[in-house]
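To start, the structure itself, in structure tokens.
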Amino acid sequence: MSHTPHIDSAELQSLVEVDRVHRRCYSDPDIFELEMKNIFEKTWQYCGHESQIPKPGDYYTFQIGRQPMVMVRGEPTASHPEGEISVLYNRCPHRGVQVCGSRAGNAGDKLTCPYHAWSYSTDGALVTTPGELFGVPGYKKYYHEELDKKEWGLVPVAQMVNYRGTIWATWDRNAAPFEDYLGSMRLWLDSALDHRDGREGGSVVLVGVQKWRTNCNWKFPATNFIGDAAHVVTHRSVDMVNLNPSGTEGRRDERPEGHAAFGWPDLGHGGLGFASRPEEEFPRLASFQKYTHVSEYLANAAQAHRARRAGRIHQQGKGTIFPNMSFHEDQPRTIIVHNPISPTQTEFWRYYLIDADAPAEVQDTLRHYYMTYSGPGGMTEQDDLENWTSATEASQGAVSRRFPYNYQQGLRYSVPYEGLPGAVWCGERVTEQNQLIWLKRWAEFMEGRDWDQLMRRSQVSNDVSFPIKLVR
Ligand code: FES
Ligand code: FE
């Protein structure tokens, strides 16, 4: 049950300090409620992929924070020949019942509420055309045609974008434009979303979405995927059985030179990645030698990609887009959303990406491989989930809460990185620079700054040694 957060600015200020974070952040119900309001009703949120709703009338349900949402494709029009996509609050304005109840489907040209059958067109407008079961039943006889259609439609999000096939939305009409919000982290997201041969977008979601709940606070996974390269020991058992696509030792192939942690201090994003110069070979982290048909497919695609990017530096990486969307560009190629359920519970939604026109055999092999690696049945993911559950348990209880968590690794060693405007790095993969950057951004949103303040620092800040103090 939700309640009004009672937490003042002075209290907030004591939670995140220069090199330590109070455990309360990871378990307190008041902090969680404030996150729902100041972070999830404000930031750009990942909704899903357009390939999940290919036909008019197709819909896909998801959530923003704890709110049920639906994205739906309309009929083709002159301005939207493929059908316009709308993102709507999936609750009927009449009495609040969830309109689209199943995970996905096709609603035809109307979304109809199962309670009293109010119906909505695919852009959310209330339909009052008289009908037996659709429109607003009894619109003429019982409502005397006085119901205001404009006022009682499904609530649309304030802003929505389709970015290279991925759908993003925010409840805040004043939110910064999506590409400003993303900054140059965009180049890394592109490396996950684009076709392996370098074509813009060109990817689809492979089969369905894996969903599972774990007893952990959502911030542990968000700040793990932002680039916690120090936790490699966690996956020692996976390394020992060589659960990788190349057949060589470890979980992954060799990493190219310069593979390091990069963070965006002004935006809160970060991850692990690298740049390759135009004259260099196009490195991929996963070569898939174990599966000849996959490695041949990827080698051909990489050749086409090199030709396409001739003369340009290539950026590639994985990480977290503030606050709760993480992606891997390569191994496995996937998106994961950390949906907050309660201070101590998170629901994970994992999407796997594949080139839309990859041969069926390649898709099938990758699907099998990805599921042994990631997701609730994947060996690597299970290791991580255990850590986050344990850390969340340790964040509860009066005595435990007296002792903060340490975040000082690599503090003060980061400098601007020219290849990625707005990003900093310290030349290493192992550093807590990115976690600190994320937590600093978290604090800025939590204190309720407006978008002017949030986006004010336009140029690169070299200041990751900030005291992460909240200011009024
Ligand atoms: Fe939806 Fe009544 S609650 S029609
Ligand atoms: Fe891990």
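The values are calculated or read from the model by the stated rules, or taken from the named source; none is laboratory data. Computed from a predicted structure; not experimentally measured. Here the Cβ positions follow ideal geometry from the backbone for every residue, glycine too, while neighbour counts run over all protein chains shown. For accessibility, only protein heavy atoms count, side chains too; no ligands or nucleic acids. Shrake-Rupley method; radii C 1.70, N 1.55, O 1.52, S 1.80 Å.
Quick notes on this one:
- Among (1) open to solvent by less than 10 Å² (accessible area, probe 1.4 Å); (2) modelled with pLDDT under 95, the one test that V127 misses: (1)
- Cβ-Cβ contacts under 6 Å between residues 6 or more apart (or on different chains), taken from a first residue in the range 380-396 that is more than 18 Å from M240 (Cβ to Cβ) and among the aliphatic types (A, V, I, L, M) to a second residue that is away from ligand 1 (no atom under 16 Å from the Cβ) and assigned to a helix (DSSP H, G or I), are listed as A391/F220; A394/S400.
- Test for A78: is it loosely packed, with under 13 Cβ neighbours inside 10 Å, more than 20 Å from P137 (Cα to Cα) and either among the aliphatic types (A, V, I, L, M) or in contact with a strand residue (DSSP E or B) (Cβ under 6 Å, 6 or more places away or on another chain) (or both): yes
- Residue within the range 336-343 that is outside any strand (DSSP E or B) and either open to solvent by less than 10 Å² (accessible area, probe 1.4 Å) or not basic (K, R) (or both) present: yes
- With respect to (1) open to solvent by less than 20 Å² (accessible area, probe 1.4 Å); (2) closer than 28 Å to G65 by Cα; (3) more than 12 Å from ligand 1 (Cβ to nearest atom), the lone exception for G108 is condition (1).
- Residues in the range 362-373 include none that are free of Cβ contacts under 8 Å to residues at least 60 places away in the same chain and part of a loop (DSSP other than H, G, I, E, B).
- Residue satisfying all of: in the range 370-379; among the hydroxyl-bearing types (S, T, Y) and either within 16 Å of ligand 1 (Cβ to nearest atom) or modelled with pLDDT under 90 (or both); nearest to K219 (Cα to Cα) among these: Y373
- Residue in the range 314-331 that is within 22 Å of P421 (Cα to Cα), open to solvent by 10 Å² or more (accessible area, probe 1.4 Å) and modelled with pLDDT under 90 present: yes
- Residue match in the range 361-381 (condition: more than 25 Å from the chain's Cα centre (by Cα), at negative phi and surrounded by fewer than 15 Cβ atoms within 10 Å (Cβ to Cβ)): yes
- Residue pairs whose Cβ atoms lie under 6 Å apart, sitting 6 or more positions apart in sequence or on different chains, and linking a residue in the range 400-422 that is of a type outside the set (A, V, I, L, M, F, W, C) to a partner that is exposed (fewer than 13 other Cβ atoms within 10 Å of the Cβ), are P416/N462.
- Residue check for Y120: surrounded by 20 or more Cβ atoms within 10 Å (Cβ to Cβ) and away from ligand 2 (no atom under 16 Å from the Cβ): yes
- Given (1) over 26 Å from R66 (Cα atoms); (2) open to solvent by 10 Å² or more (accessible area, probe 1.4 Å); (3) of a type in the set (A, V, I, L, M), number of the condition L385 does not satisfy: (1)
- All positions within the range 311-335 that are in a loop (DSSP other than H, G, I, E, B) and within 29 Å of R24 (Cα to Cα): F322, P323, N324
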